[in-house]
Amino acid sequence: MRHSLMDILVCPVTKSELTLEVTREENGEVLNGTLRCEEGHVFPIKDGIPNMLPPDIREQLDTSATHESGTNDAEPVT
Ligand SMILES: [Zn+2]
């Protein structure tokens, strides 16, 4: 991602500004790093792509791998 992206990127949870920590950069493009908001949300940048999924959504995606067969279908509909 380019540094100019910081102008439009905000935390998807709190809409607050993000702080960029660069771990790898090439030709003005951030390849690896971390975006942090004031509230402590952390968003990783991998291969130049910022992962802006809110942390709780990311957890849901992780746990959905265990495939819960959720709904209680014994209840009659009244
Ligand atoms: Zn946040």
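Could you look through region 10-27, keep only residues that are β-branched (Val, Ile, Thr) and closer than 16 Å to Ile45 by Cβ, and pick out the one that is nearest to the ligand (Cβ to nearest atom)?
Ranking the qualifying residues of region 10-27, first place goes to Val10.
Under 8 Å between Cβ atoms, which residue pairs at least 6 apart in sequence (or on different chains) link something in region 26-44 that is closer than 25 Å to Lys15 by Cβ with a partner that is among the small types (Gly, Ala, Ser) and within 16 Å of the ligand (Cβ to nearest atom)?
Every condition considered, the pairs that remain are Cys37/Ser16; Glu38/Ser16; Glu39/Ser16.
Hey, does region 1-10 have a residue that's part of a strand (DSSP E or B), at pLDDT 90 or above and touching a helix residue (DSSP H, G or I) at 6+ places or on another chain (Cβ under 9 Å)?
Checked against the condition, which is being part of a strand (DSSP E or B), at pLDDT 90 or above and touching a helix residue (DSSP H, G or I) at 6+ places or on another chain (Cβ under 9 Å), region 1-10 yields no hits at all.
Being outside any strand (DSSP E or B) and over 16 Å from Met1 (Cα atoms) is the filter here, so list the residues in region 15-52 that pass it.
Keep residues of region 15-52 that are outside any strand (DSSP E or B), which gives 15-16, 27-28, 38-41, 47-48, 51-52.
Correct list: Lys15, Ser16, Glu38, Glu39, Gly40, His41.
Name the residues in region 15-56 that are surrounded by 14 or more Cβ atoms within 10 Å (Cβ to Cβ) and polar (S, T, N, Q), would you?
Result: Asn32, Thr34.
Can you confirm whether Thr71 is part of a loop (DSSP other than H, G, I, E, B) and either modelled with pLDDT of 90 or more or among the β-branched types (Val, Ile, Thr) (or both)?
Here the answer is yes, as Thr71 does meet what is asked.
Could you grab me the full set of residues in region 36-58 that are of a type in the set (Val, Ile, Thr) and within 13 Å of the ligand (Cβ to nearest atom)? Let's see the steps before the verdict.
Filtering region 36-58 for residues of a type in the set (Val, Ile, Thr) gives 42, 45, 49, 57.
The answer is Val42, Ile57.
The values are calculated or read from the model by the stated rules, or taken from the named source; none is laboratory data. Please read these numbers as outputs of a predicted model, since none were measured by experiment. Positions of Cβ are generated from backbone atoms using ideal geometry, with glycine treated the same way; all protein chains shown enter the neighbour counts.
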